[in-house]
1. Full extension from R86 to E104: what is 0.36 nm times the residue separation minus their Cα-Cα distance, to one decimal in nm?
2. Enter the accessible area per residue of the range 43-103 (Å², integer; probe 1.4 Å; all protein chains in place).
3. So what is the accessible area of the range 117-199 per residue, in Å², with the probe set to 1.4 Å?
4. Would you mind putting 115-121, 50-56, 188-194 in packing order, based on average other-beta-carbon counts within 10 Å, highest first?
5. Go through the range 37-54 residue by residue and turn each phi into a ³J(HN,Hα) via Karplus (6.51, -1.76, 1.60, θ = phi - 60°); whole Hz please, and just put x for glycine and proline.
6. Residue by residue, what Karplus-based ³J(HN,Hα) values in Hz, rounded to whole numbers, does the range 115-122 have, using 6.51, -1.76 and 1.60 with θ = phi - 60° and x for Gly and Pro?
Amino acid sequence: MTQAQPSNTLAQTPDGLRDIAGPVTISSLTQQILFWAAVAVALALAAWLARVWWKRRQARLDQPPPPPPPLPPHERARLRLEAALRLLADPDAFCTEVSATLREYLEGRFGWNAPDRTTEEFLSELRSRDGLSDEFQNLLRDFLGRCDAVKFARYDPTEPELLDLHSVAARVVEDTVPPPLPPEPLPPPPQPPERTPAA
């Protein structure tokens, strides 16, 4: 008795529909080709992802660290005044640096346009400001006048006079440092649940 060979044509059912096809056998060679193709695609994808990750990592490493936040005006002024003491042997350079430091501090601290103005223009602006004591205005007037005498009138001050100018500039800075910001309040601790009295 001979076994019937499956035909390539699908048998039709009585209602005219074709029957489902049987399983298709894939040769061993085709299976190997599909397997190695899938492996190659997976390796190519892994290599691409590794390259993208490496490039992003290198870009992060190559970027310089962010600059530190700028120092507040009073901190910059303190550092500059301390460095100015090295110029005591040159009164003109010393007075120029101390005067510029104080003017730039006042601009940064109060928004006054001090560096670009003459002493008279700056003092005139000070007189128009509300809330500045006469003592403070006189202190600045004396300080700037003494610095101008060295810079423009060729006055040759002694070292104690230069140190006094330095102490006046330092005093103006210290007397006008903004108060520290209050710390943020801590959240209240969690309250234990209320206990109901036992009956």
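1. On the way: separation 18, 0.36 × 18 = 6.48 nm, distance 1.95 nm.
That pair, R86 and E104, stretches by 4.5 nm at full extension.
2. Working: 4520 Å² over 61 residues.
Each residue of the range 43-103 exposes 74 Å² on average to a 1.4 Å probe.
3. On the way: 6310 Å² over 83 residues.
That works out to 76 Å² for each residue.
4. On the way: 115-121: 12.9, 50-56: 10.0, 188-194: 5.9.
The densest-packed peptide leads the list: 115-121, 50-56, 188-194.
5. These are the phi-based 3J(HN,Hα) values: 5, 5, 4, 4, 5, 5, 5, 5, 5, 5, 5, 5, 5, 5, 5, 4, 4, 5 Hz.
6. Couplings: x, 8, 10, 6, 4, 5, 5, 5 Hz.
The values are calculated or read from the model by the stated rules, or taken from the named source; none is laboratory data. Every value quoted in this text rests on a predicted model; they were computed, and no experiment measured them. A quick note on method: Cβ atoms are made from the backbone with ideal geometry, for glycine too, and the neighbour counts reach across all protein chains shown. Keep in mind that these areas ignore ligands, DNA and RNA; they rest on the heavy atoms of the full protein, side chains included. Shrake-Rupley method; radii C 1.70, N 1.55, O 1.52, S 1.80 Å.
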